[in-house]
Each structure stands twice: as C-alpha cells, then as structure tokens.
Amino acid sequence: MKTKTWVMLLGGVFLLSLLLGIWTLLPRQDAALARISSGGKVVKTVNLRDNQQFTITAESGGKNIITVRDGKIAVTEATCPDHYCMKRGFCSGGADIVCLPNQLVIHFLGAQAVDAAVG
C-alpha cells in the first residue's frame with residue numbers, strides 16, 4: 001500500500017512540474033505602452049509602436065536619453081555612474097527599467113509582470 005502512495009505522489013509532482021514547464025514556455029504579450037517616472041512623478045507615457053527619442057532630466061540634474069524603436073524601449077545614454085539602466089538594452093515588457101541615481105523608472109503597462117529577471 002505504501003509503494004502505491006509513493007508512486008502516485010511522485011506521478012503528481014512530475015505532472016505538476018511538466019505543466020509548469022509548459023506554462024513558462026508560452027509566449028507572453030508585449031506591452032504597448034510604457035510609463036516613465038522621474039523623482040516619483042509621471043513624466044511621460046509613450047506608445048512603444050511610435051519610434052522616438054527624448055531626454056529626461058532628473059531634479060538632481062542627471063540625464064537619461066530614452067529611445068523607443070520597433071516596439072521596444074531602452075535607456076541609450078545616462079549620466080549615472082554604473083549605467084545599469086543602459087545594460088538592460090531594449091525591452092518590450094517584463095521587469096521595469098530603473099536608474100536609481102537619476103530616480104528614473106520605466107514601467108510597462110499591459111505586460112505580464114515577472115518576479116525576477118536573470119541575465
């Protein structure tokens with residue numbers, strides 16, 4: 001009787017793992033809009049379908065040049081010391097793009113959120 005219980009338990013764990021694996025491979029919908037905040041205030045909402053480039057200047061004087069191209073957005077130039085925001089590259093959804101020194105946040109609207117990004 002114990003062997004049958006263990007086989008059913010392991011079979012259930014395997015089935016659950018298989019379903020979660022398939023779910024993570026399903027395509028995600030990209031965001032159509034991105035909200036850009038500086039210093040905690042919304043500065044601009046951009047349509048990711050419209051190619052454009054603009055500069056956001058923080059209250060501290062730091063600058064970020066943001067480029068929207070082919071449905072994706074990126075910080076292409078920044079005056080921050082670590083340039084972590086630039087290293088994210090062009091994104092179309094998922095985790096926010098953040099520049100802490102310049103207090104810039106690019107938040108994707110309509111995209112499915114993720115808990116963590118590896119890269």
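The values are calculated or read from the model by the stated rules, or taken from the named source; none is laboratory data. All values derive from a computational prediction rather than experimental measurement. Every residue, glycine among them, receives a Cβ derived from its backbone with ideal geometry; neighbour counts consider all protein chains shown. We work out accessible area using only protein heavy atoms, side chains counted, and drop any ligands, DNA or RNA first. Shrake-Rupley method; radii C 1.70, N 1.55, O 1.52, S 1.80 Å.
Within the stretch 64-112, the set of residues being modelled with pLDDT under 90 and crowded, with 19+ Cβ neighbours inside 10 Å comprises 93, 111.
When each of 55, 24 is tested for being out of contact with any Leu (no Cβ under 6 Å at 6 or more places or on another chain) and closer than 20 Å to residue 72 by Cβ, the lone residue that passes is 55. In the stretch 30-48, the count of residues that are touching a Gly at 6+ places or on another chain (Cβ under 7 Å), assigned to a loop (DSSP other than H, G, I, E, B), closer than 16 Å to residue 91 by Cβ and open to solvent by 70 Å² or more (accessible area, probe 1.4 Å) is one or more.
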